[in-house]
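The block underneath contains the structure these notes are about, expressed in C-alpha cells.
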Amino acid sequence: MAARSKKAAKRRASKKTAAKRTSPKKGAAEGDLLRGRFAGGIHPALDRINRSYDTDCRMWPQDIAGSIAHATMLGAQGIVSKAAARRMVKGLQKVAAEFASRTFKPKPSDEDIHMAVERRLTELIGPDGARLHTARSRNDQVATDVRLYLASASESIEMYVQQTQRALLALAERDGEYVLPFYTHLQRAQPVVLGHVLLAYIEMLERDIVTARYELDDCPLGSCAGAGTSLPIDRRLTAKLLGFKRPSPNSLEAVSSRSDIARVLSGFAAIGVTLSRLGADLVLWSSREFGFARLGDSVSTGSSIMPQKRNPDGAELLRAKATRVTSALGRLFEVQRGLPMGYFKDLQEDKTALFEAEDAVEEMLEVACAMLGDIAFDEQRMRAAVEDPSGYLLATEAADFLVRAGVPFREAHEAVGGLVRAAEKAGVGLEGLPLETFRTAHKKFDANVMKVLTADGAVKARKVFGGPSPANVRRQVVRWRKKLG
Ligand code: ARG
C-alpha cells in the first residue's frame, strides 16, 4: 500500500514538473540579453536544446582572455573610453577569479559561456559591461575561444602522451632484451626483442602527437557574425594580444570553419587508435595462451562469479574507448556536412565532439600509463614462443644463408619451404634436421647453417637501421631517453 501511494505521488510530482518544463515562460526572463525583439519568453524545450553553458563553460579561461583582448583593443581604438576599457578588464579579471575559485554562479539566462561572462561582468561593473560586445559576435567569439582552447588541450594531451612514452621506455630499459616473436596475421613470424615492440608504440604515439599539435595562426576575432564590422577595430592588435600570428583573412570563413578542430581531433583519434592497439596487445600478452605478461593487482580486475579471474578490463577499455574519439571526429565532420557557408547553431555541436574526445583520450592515456607501470613480463614464456620447434621462426634465416651464398631469394625461399615441410613431417625444428637433408634441399647449404639457426643469433644479426638487434634497440632507447628526459 505504502509503496503504491509513494509511486503515485512520484507520478504526480513528475507530471507537475513536466508541465512546468513544457510551458513557455511569460515575458522575457530578467537578464535575458537576447530577447528584446520577442514579446514572450523562450519555450523551455527550445531553451534546453539551445543552451550550451554546461558544455562550453570549460572554455571560461579562453572566453575571458578573448574578452580582455577585445576590451583592451576597444579602448586603444577609442571605440570605448580608456576608463571604460580599464573597468571592463578589471571586471573580467574578477569574473575569472570567480571561475578559478569555483564561486561563479551561472544563471538560467546564461545560454552559453559567452553570455554568462558578459552577464556577470555587467552585474559587477554596471553600464560599461554593456559596451563589451561592441563590434563582436558570439560567432567570432566562439571560433576564437575554441582555437585558444585547442592550443591548451593539445599541449596537455601531449604531456599525457609523453608520460605514456616514458612508461613504455622504462619497460624497454628494464626488459628490452627479452626475445619474443613478432607476429603477422597473429602467426608467429620472426624473433625480435621486447624493446623493439615497446619502442614501436613510442614511435607510433610520436607520429600521432605530431598530428595533434596545434599552433595558433589565424585569429577569427573581429569577424563578428561573419561580415566583419564598420567600426574601426584593430584586428592585428587582438590577434597579437591573444598569441595568434595574424587576423584571419576572410570573416565569413573565420566563423564557418571548424577544420582546426578537425585537425587536432584527428590527432586525438590517432592516439586513441594507437592506445587501442596497445590494449589489444596487453589483452593477448596477459592471456594464459600467450603468457607473456602479468598485469599487477592494481591494474587487474576480478569476476563476479569466478574467484580465480584476473581480467585485463583496462586494456579492453583502451580498445573500446578509442571509438569515442574516432566517432567524435566523424561527428565533427557530419555536423558540418551539407551546411551552407556561414554560422549555424549546428556548429555548437563541435565542442561536444571535441571535449568528449579530449576526455576519452586523457582517461585512456592515464590508464595506459598505470597498466604499463604495473606489468611484469615473462622472459621464459616469450623465449619458448620463439624456440617452439613447430613455429619455424628461423626459416627466413636459412633462406638468407643461401642468399649470402649467391642463391636468388625466390630459389632459396622454395628450398627452405621444402625443408620446413620435411621438418614438420619429422616433427622437429629446422635445426633438428640432419645436414644431409639441408644439402638435398639446396647444395649451397653447409654445416655453418646451424650457426644462423638460433633465436639470439637471428635477432643479433638484424642490425639493419631500424631493425630489432639488441644493439640497435639500446641505441634507440638512449635516443628516446634523451628526448623524453
Ligand atoms: N554557443 C554558441 C556555439 O557554441 C556560440 C555562438 C552562438 N551564435 C549564435 N549566433 N547563436 O556555437
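Please indicate, with yes or no, whether at least one residue in region 39-61 is assigned to a helix (DSSP H, G or I), within 12 Å of the ligand (Cβ to nearest atom), within 30 Å of LYS82 (Cβ to Cβ) and not small (Gly, Ala, Ser). Taking every residue of region 39-61 in turn, at least one turns out to be assigned to a helix (DSSP H, G or I), within 12 Å of the ligand (Cβ to nearest atom), within 30 Å of LYS82 (Cβ to Cβ) and not small (Gly, Ala, Ser).
A single entry from LEU393, LEU435, LEU430 fulfils the requirement of being in contact with a strand residue (DSSP E or B) (Cβ under 6 Å, 6 or more places away or on another chain) and either hydrophobic (A, V, I, L, M, F, W, C) or buried (at least 16 other Cβ atoms within 10 Å of the Cβ) (or both): LEU393. Within region 243-268, the residues that satisfy the criterion of being assigned to a loop (DSSP other than H, G, I, E, B), of a type outside the set (Lys, Arg) and crowded, with 21+ Cβ neighbours inside 10 Å are PHE244, SER248.
Residues in region 336-353 that are without any contact (Cβ under 8 Å) to a residue 60 or more places away in the chain and within 12 Å of the ligand (Cβ to nearest atom): how many? Of the residues in region 336-353, 3 are without any contact (Cβ under 8 Å) to a residue 60 or more places away in the chain and within 12 Å of the ligand (Cβ to nearest atom). Please report, ordered by residue number, the helices (runs of 4 or more DSSP H) entirely within region 378-465 with at least 3 residues that are without any contact (Cβ under 8 Å) to a residue 40 or more places away in the chain. In region 378-465, the matching helices (runs of 4 or more DSSP H) lie at 395-404, 409-426, 435-441.
Taking region 286-305, which residues are assigned to a loop (DSSP other than H, G, I, E, B) and of a type in the set (Val, Ile, Thr)?
Within region 286-305, just ILE305 meets the criteria.
When we screen THR164, THR144 for residues that are modelled with pLDDT of 95 or more, out of contact with any Asp or Glu (no Cβ under 7 Å at 6 or more places or on another chain), within 30 Å of LEU275 (Cβ to Cβ) and crowded, with 23+ Cβ neighbours inside 10 Å, the only hit is THR164. Inside region 94-152, can you point out the residues that are under 28 Å from ALA212 (Cβ atoms) and away from the ligand (no atom under 16 Å from the Cβ)? Within region 94-152, ALA96, PHE99, ALA100, ALA151, SER152 meet the criteria. Taking region 209-233 as the range and being away from the ligand (no atom under 15 Å from the Cβ) and surrounded by fewer than 17 Cβ atoms within 10 Å (Cβ to Cβ) as the test, the residues that pass are VAL210, ARG213, GLU215, ASP217, SER230, LEU231, PRO232. Against the numbered list (1) of a type in the set (A, V, I, L, M, F, W, C); (2) within 16 Å of the ligand (Cβ to nearest atom); (3) exposed (fewer than 14 other Cβ atoms within 10 Å of the Cβ), MET306 comes up short only at (2).
Is it fair to say SER67 is in contact with a helix residue (DSSP H, G or I) (Cβ under 9 Å, 6 or more places away or on another chain), polar (S, T, N, Q), within 16 Å of the ligand (Cβ to nearest atom) and within 19 Å of GLN348 (Cα to Cα)?
Numbers: in contact with a helix residue (DSSP H, G or I) (Cβ under 9 Å, 6 or more places away or on another chain): yes; polar (S, T, N, Q): yes; within 16 Å of the ligand (Cβ to nearest atom): yes; within 19 Å of GLN348 (Cα to Cα): no.
Considered against the rule, which asks whether it is in contact with a helix residue (DSSP H, G or I) (Cβ under 9 Å, 6 or more places away or on another chain), polar (S, T, N, Q), within 16 Å of the ligand (Cβ to nearest atom) and within 19 Å of GLN348 (Cα to Cα), SER67 comes out as no.
The set of residues from region 408-418 being more than 20 Å from PRO181 (Cβ to Cβ) and buried (at least 19 other Cβ atoms within 10 Å of the Cβ) comprises ALA412, ALA415.
The values are calculated or read from the model by the stated rules, or taken from the named source; none is laboratory data. Just so we're clear, the structure is a prediction, and the values are computed from it rather than from any experiment. We place every Cβ from the backbone using ideal geometry, glycine too, and count neighbours over all the protein chains shown.
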